[in-house]
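The values are calculated or read from the model by the stated rules, or taken from the named source; none is laboratory data. These numbers were taken from a predicted model, which means no experiment stands behind them. Virtual Cβ from ideal backbone geometry, glycine too; neighbours counted across all protein chains shown. All accessible areas refer to the heavy atoms of the entire protein, side chains included, with ligands and DNA or RNA removed. Shrake-Rupley method; radii C 1.70, N 1.55, O 1.52, S 1.80 Å.
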Amino acid sequence: TAHPLLVVSLRYDPVCPLSNAQKVTARYRGARLLVQNSHGHCSPTAPSVCTAKHVRRYFEKGVLPAEGIVCEPD
């Protein structure tokens, strides 16, 4: 890809398990995984200001979160 990917995954996603998100992240050089420590499918199911800030920063400035960041739901 032209820009590193940001992959967002919930820790307990029944549709797309965290292990799959980890595999996808490993496939793309420079990609980063942001984990949200919640249940459900897709991050909006459990709103998190922490997750929203990292996603916004990525889309507005192209900045990836630090390696190993885990966000909590609000």
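Structure data summary
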quantity: Proximal charge balance of Thr25 [Cβ under 11 Å; K/R count +1, D/E count -1]; calculated: +3
quantity: Within region 17-74, chymotrypsin sites (Phe, Trp or Tyr not before Pro) in DSSP loop having at most 14 other beta-carbon neighbours inside 10 Å; calculated: Tyr28
quantity: Dipole magnitude (debye, nearest 20) for the chain, charges at Cβ of Lys, Arg, Asp, Glu; calculated: 300 debye
quantity: Translational diffusion of region 6-71, µm² s⁻¹ [Kirkwood Rh, Cα pairs; Stokes-Einstein; 4 °C; 1.567 mPa s]; calculated: 109 µm²/s
quantity: Cys50 accessible area, assembled protein chains, probe 1.4 Å, Å²; calculated: 50 Å²
quantity: Orphan Cys of the chain, criterion: no other Cys C-beta under 4.7 Å; calculated: Cys16, Cys42
